[in-house]
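Working notes, structure below.
The values are calculated or read from the model by the stated rules, or taken from the named source; none is laboratory data. Here the structure is a predicted model, which is why all the values come from computation and not from measurement. Here the Cβ positions follow ideal geometry from the backbone for every residue, glycine too, while neighbour counts run over all protein chains shown.
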Amino acid sequence: MKQYIAAQKFTFYIETYGCQMNSHDSEKIAGILTTLGYRPNPVKEDADLILFNTCCVRENAENKIFGNVGKMKQIKQKRPHLIVGVCGCMMQQAGVAERLGKMFPFVDLIFGTNNMQELPQMIWQILMEKGRSMCIRQEGVAEEEVEMLRTPPPLASVNIMQGCDNFCTYCIVPYVRGREHSRPIHAIVREIEQLMEQGYKEVMLLGQNVNSYGKGLENADFPTLLDAVARTGIERIRFMTSHPKDASMKMLEQMAKHDNICKQLHLPVQAGSTRILQEMNRKYTREQYLRLVEQIRREIPGISLSTDIMVGFPGETDSDFEETVSLMETVKYDAAFTFVYSPRKGTKAAQMPGQISEEVKQQRIMRLVALQAEHTYQSNLANVGKIEKILIEGQSTKDAKAVCGRTDGGKMVNLPGSMQLLGKMVTAEITEAKKTTLLGRILN
């Protein structure tokens, strides 16, 4: 098969939607396709295989995907040999793959998150038989030990687990990613050591709930994993996402102990009202969350905190929303991802009474966005004059004569310099605060 595909000089293009785990899945898929003889193509319309790696967390993402897949019809008519594929979380939803197949008969390839390893056979079937190949497996574990085509250094993502057992009432993830399954510590450490050999300087440990890592493994939990990864000597370690109910003192101790574990924590609160948190099945109260924040800041002074906050959950009253606002005022996050509740078919919340109107949702989200923008700017202002270690990760999007990188706390800094600095850890003074980024100058 590889000789045939390579001889035809077939190329591929992957369009990725959603979270960092989806982006990491696309690296795996790209690795599989490269092993088959395909070459990446930066121009979607010129590729011989166009693959949409989908997200279904929110309705607007799903609608966008359907729209973009629909646009492939004209391209397919002009280039009949083109293989159009759709994969990822959206395909794992009950009935969605079948609906997409009926709507778009020109789609050749449909598969889910649990059967990536069957991609070679599916592509060969399409090439030889010229028909559609569809495989959606509801049970099973996504393949981890595959050769990937990663983005170049210095940053890399590493999956430490798959799935989620929390079943928050608004969330579709447990239904499309399956139950929690943790990778062995030795496999994660081996992957990171290999990344170091390839020139990577920073890893992001990924999981739907990293704090519950270790289920099904002996003598393994997330603090133990953090300690093992830190001991590899990689320059920087970040992780996400942490569920507040599982955040432990042991985790904070490891973060404080190791200099290469970044002092940054993403801690989704979702809402500031205990009543709404209970309806969401988040398993903590407003008061417990605020005590946790106090403990985190006490144990790791100066830590950068970010969060996810939702507005418009079913039954959310004006009073509930004001509790979310007051929680934001109390915590003053460095950054926050704010979004509008979107009903997901198959979740408990989609069937709840008291669905909130779009008008009210938009009023609430605009207020939160404005509030967080002010908090982020004030947080940035507090960094002016500080000396920070910055890992240069790319060209600045703001200035062609500048590069960019993040502080230990995850703040993006733009600095004058050339791409010869890529992958270097530099010492810089923060000279100016912008609304969402920082400006600095390199000292060394």
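Observations on the structure shown:
- So Leu51, is it aliphatic (A, V, I, L, M) and more than 30 Å from Tyr341 (Cβ to Cβ): no
- Hits in the stretch 363-403 (condition: over 18 Å from Met425 (Cα atoms), surrounded by 14 or more Cβ atoms within 10 Å (Cβ to Cβ) and among the basic types (Lys, Arg)): Arg364, Arg367
- Taking helices (runs of 4 or more DSSP H) as the structural unit, those lying wholly within the stretch 5-116 and holding at least 1 residues that are buried (at least 18 other Cβ atoms within 10 Å of the Cβ) and within 25 Å of the chain's Cα centre (by Cα) correspond to 20-35, 59-70, 89-92, 96-103.
- If you go through the stretch 84-111 and keep only what is touching a Phe, Trp or Tyr at 6+ places or on another chain (Cβ under 9 Å), under 11 Å from Ile136 (Cβ atoms) and aromatic (Phe, Trp, Tyr), you end up with nothing.
- Test: residue in the stretch 155-167 that is farther than 30 Å from Lys348 by Cα, among the hydrophobic types (A, V, I, L, M, F, W, C) and in a helix (DSSP H, G or I): no
- Qualifying residue in the stretch 27-43 (condition: in the same structural domain as Phe104 (by TED's automatic domain parsing), among the aromatic types (Phe, Trp, Tyr) and either modelled with pLDDT under 95 or farther than 25 Å from Phe337 by Cβ (or both)): yes
- Among strands (runs of 3 or more DSSP E) entirely within the stretch 356-424, having at least 2 residues that are more than 22 Å from Ile261 (Cα to Cα) and touching a Cys at 6+ places or on another chain (Cβ under 9 Å) singles out 412-416.
- Candidates Ala428, Ala400: the one that is small (Gly, Ala, Ser) and touching a residue at least 40 places away in the same chain (Cβ under 8 Å) is Ala428.
- Matching entry among Phe104, Phe52 (being over 19 Å from Ser23 (Cβ atoms) and out of contact with any Pro (no Cβ under 8 Å at 6 or more places or on another chain)): Phe104
- Filter result for Thr241 (within 20 Å of Gln20 (Cα to Cα) and of a type in the set (Ser, Thr, Tyr)): yes
- Checking each residue of the stretch 199-212 against the condition of being touching a strand residue (DSSP E or B) at 6+ places or on another chain (Cβ under 7 Å), part of a helix (DSSP H, G or I) and under 24 Å from Cys19 (Cβ atoms) gives at least one match.
- If the condition is being farther than 15 Å from Thr54 by Cα and either assigned by TED's automatic domain parsing to the domain that holds Tyr175 or touching a residue at least 40 places away in the same chain (Cβ under 8 Å) (or both), then the stretch 64-111 contributes only Ile83.
- Scanning the stretch 165-190 for residues that are of a type in the set (D, E, K, R) and either surrounded by 20 or more Cβ atoms within 10 Å (Cβ to Cβ) or under 17 Å from the mean Cα position of the chain (by Cα) (or both) gives Arg177, Glu180, Arg183.
- Filter result (assigned to a loop (DSSP other than H, G, I, E, B), among the small types (Gly, Ala, Ser) and at pLDDT 95 or above) within the stretch 215-230: Ala220
- Residue that is farthest from Asn380 (Cα to Cα) [pool: residues in the stretch 391-426 that are among the basic types (Lys, Arg) and under 23 Å from the mean Cα position of the chain (by Cα)]: Arg406
- Here the stretch 183-228 is the region considered, the condition is being among the charged types (D, E, K, R) and in contact (Cβ under 8 Å) with a residue 60 or more places away in the chain, and the residue that is farthest from Gly423 (Cα to Cα) is Glu202.
- Checking Arg238 against (1) in a helix (DSSP H, G or I); (2) within 23 Å of the chain's Cα centre (by Cα), the condition it does not meet: (1)
- For the stretch 168-187, the set of residues classified as within 15 Å of Gly216 (Cα to Cα), in a loop (DSSP other than H, G, I, E, B) and not acidic (Asp, Glu) consists of Gly178, Arg179, Arg183, Pro184, listed by residue number.
- Residues located in the stretch 411-425, provided they are more than 10 Å from Gly394 (Cα to Cα) and touching a residue at least 60 places away in the same chain (Cβ under 8 Å): Lys411, Met425
- Taking the stretch 256-338 and the helices (runs of 4 or more DSSP H) fully enclosed by it, the elements with 3 or more residues that are over 24 Å from the mean Cα position of the chain (by Cα), under 26 Å from Leu381 (Cα atoms) and among the charged types (D, E, K, R) are at 286-299.
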